[in-house]
Amino acid sequence: MGSGCPRVTVALVNRFLRRVAGAALVVTLVAAESACISSDGNGIVDAALQSPFAPVVIKVLKRRAATISGPAGIATLVGLYGVEELRKESLRRANSTFLVVRQQLGGKPKASVFRFDSGHRVRVAMNGKFDELIDKNVVTLTADPAVDSTIVVTDATTGDTVARTGSFNMTVTQAKAYTGIDFDSGQQLRRDDGTMDYSFYEVRFVNGARVHKWTGDGDPTLADCSSVPSDEWSSSLLTFSPGHVEFCIVTSEARFGYLRLTSNVVASNRWVLWPPLR
């Protein structure tokens, strides 16, 4: 009361799909007042003062505890705990979002706890099979022990940063002038110099570039596409049913994006590319 620090209201909004592989989960944790220091020394930060944060990738292997892969950014691994210890650790800081990844390790139920310090909306996308549980500011995922999984956390407030976007026409005239496109540079190519991502003639992705059919609502996000399991990518658009128009893509330089076909593989097409995860 006498600290001079205004009372903070914390609002948690979540939107998620249960038991769906590749589902996107959005969690909001917003402080309603401006920045100050509480009596216990914890910082309280207005969401409007926060800068966009870089995506965070968490790897969940079958027999190893979940770990952050690459730059941690706003994420911190709090630790590995028995499930009965989770509640006090998860709710210790009111201005944080916690991700709890439950696994069977050594025959015992364990959970890796990650803390995300941001006033922004947090989007969590995951592959494999998970049971999702929301409890206040805690997101709990139960990993399928039979598969290796990837969790990607991105900034849902600012949206995904677009590195490059463009469009191309796959008409007969276009095919005479160009043989494919390099999404990384945004250039259509007359011949494959090793940088080509998609070949017009072969109707397939080349040089390590791949494609994944997107079946969710709206355009896919960076979190959606980058969390797709490796065995669910393909090199050929011909493997998909005619009329499907939305695809996740990964380029030969390992950048993720999406491709929207106006009319299957012929006609005008739009693509978006995001910066590399790391």
Checklist outcome for this item: Among the residues of segment 124-168, the number that are modelled with pLDDT of 75 or more, over 30 Å from Arg260 (Cβ atoms) and surrounded by fewer than 20 Cβ atoms within 10 Å (Cβ to Cβ) is 4
Next on the checklist: I need a count of the residues in segment 207-221 that are in a loop (DSSP other than H, G, I, E, B), touching a strand residue (DSSP E or B) at 6+ places or on another chain (Cβ under 8 Å) and charged (D, E, K, R).
Outcome noted: 1
Checklist entry - Among the residues of segment 194-204, is there at least one that is more than 29 Å from Lys59 (Cα to Cα), in contact (Cβ under 8 Å) with a residue 60 or more places away in the chain, touching a helix residue (DSSP H, G or I) at 6+ places or on another chain (Cβ under 6 Å) and outside any helix (DSSP H, G or I)? => result yes
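Can you tell me how many residues in segment 98-122 are part of a strand (DSSP E or B), at pLDDT 80 or above and either of a type in the set (Gly, Ala, Ser) or over 13 Å from Thr67 (Cα atoms) (or both)?
Within segment 98-122, the first condition is being part of a strand (DSSP E or B), and the residues that meet it are 98-105, 108-116, 122.
Then drop every residue that is not at pLDDT 80 or above, which leaves 98-105, 108-116.
Next, only the ones that are either of a type in the set (Gly, Ala, Ser) or over 13 Å from Thr67 (Cα atoms) (or both) stay: 98, 104-105, 108-112, 116.
Counting residues in segment 98-122 that are part of a strand (DSSP E or B), at pLDDT 80 or above and either of a type in the set (Gly, Ala, Ser) or over 13 Å from Thr67 (Cα atoms) (or both) gives 9.
The values are calculated or read from the model by the stated rules, or taken from the named source; none is laboratory data. Remember, predicted model here, so these are calculated numbers, not experimental data. Reconstructed Cβ throughout: ideal geometry from the backbone, glycine too, with neighbour counts over all protein chains shown.
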